[in-house]
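Read through the structure below, which is laid out as structure tokens, and then see the notes.
Nothing in this text is a laboratory measurement; each read-out follows from the coordinates by a stated rule. Computed from a predicted model, the values in this text were never measured in an experiment. Glycine gets a Cβ as well: all are built from the backbone with ideal geometry, and neighbour counts include every protein chain shown.
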Amino acid sequence: MARHFLALHDYTKEELDSLLALAADLKAKQKQGIPHRLLDGKTVALIFEKASTRTRVSFEVGVFQLGGHGLFIPPGTSQMGRGEPIKDTARVMARYCDGIMIRTYGQEIVEEFARYSDVAVINGLTDLFHPCQIMADLQTVIERKGGYGGRKFAWVGDGNNMANTWIEAAAILGFDLALAYPVGYEPDAAVLNWAQAKAPGRITLTTDPRLAVKDADVLNTDVWASMGQESEQNVREQAFAGYCLDDSLVQLARPDCIVMHCLPAHRGEEISDSVIEGRNSVVWDEAENRLHIQKAIMATLIR
């Protein structure tokens, strides 16, 4: 059976480090103009049930640079969008394509798809996890800080799919992570319990963003209302008052800290314009690295 990329907890530290090393190698080859057609003649289905900019472009460009063909399937254009059972779509798509990426809502969708697929399935985003993004973030940390070991990571904002995946990364890779979020917006309890059992003491929880960012090497945030939560925008703005990653919070971190955001950003809400455009921001490197880490994942899993 094919191996999939659905969540970080399916991988060991050594396996994740291997993917990060391959991503760095593929990035260097691209910058030097060295061909790396590791998916020559392969076709990868790119299924989108959620809108996207970075995920679509980075996967399509990545498949092309690897010598393959990316087949973009937008929302509502497949029979899955009209109620065909996931297991039926999965079995058929696996007969046509060499790999499948899905960007959707429930984690159970990608898990069922993978259960019935004979080719690798990659999680491009679900409401529970965003593993490709966190791997791109880690690649950025390695480039800018020389490695993730011994660094303090801080998350400020909603306990969403990004926060959940950072929690998994901290437990697997062994770095310290402090999360600050308002009461009622906690990360997934099962994810948190798993991580705390696997790596006791690595994860700190607080409702005070100042405590989370204190002396941190890496600062990270995301929108307060993710896709599908737009109706909660006004309520969330009130709940997250004081959680904007602005200059006053950044000044509490290490002077050479880096600031990340997975984008798109609501400037003036979860992050200030001055911070995202400031000297500590690595947001654009982070966005670029989606391309390179996803190429590494596809090149490793797709046969």
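Take every pair of alpha-carbon atoms less than 8 Å apart whose residues are at least six positions apart; their mean separation over the length of the chain yields a relative contact order of 20 percent. Taking label points 7 Å from Cα along the Cα-to-Cβ direction, E237 and D25 give a separation of 4.9 nm.
GNM remark for the chain: springs join alpha carbons under 10 Å apart, and the peak mean-square fluctuation among D256, D137, D98 falls on D256.
Counting only alpha carbon atoms, the long axis of helix 54-65 and the longest principal axis of the chain meet at about 50°. Hey, quick one: spin label on D285, modelled 7 Å out along Cα-Cβ, who in the range 232-262 has an amide N within reach, i.e. under 12 Å? Of the residues in the range 232-262, 257-260 have backbone N under 12 Å from the label point off D285. Helix content alone sets the calculated 222 nm mean residue ellipticity of the chain: runs of n ≥ 4 DSSP H residues at -39500 (n - 2.57) each, divided across all residues, give -13000 deg cm²/dmol. Rounded to the nearest 10 degrees, the angle from helix 283-301 to the longest Cα principal axis of the chain is 40 degrees. Please grab the % of Cα pairs in the range 133-282 that end up more than 28 Å from each other. Every Cα pair in the range 133-282 considered, those over 28 Å come to 11 percent.
In this structure, A189 and R37 have a Cβ-Cβ separation that, at R0 = 51 Å, corresponds to a calculated FRET efficiency of about 0.70.
Going down the list K29/K198; K29/K87; K13/K145; K13/K295; K27/K50; K31/K145, which pairs span over 30 Å between their C-alpha atoms? Over 30 Å Cα-Cα: K29/K198; K29/K87. Against the main long axis of the alpha-carbon atoms of the chain, helix 13-32 sits at an angle near 80°.
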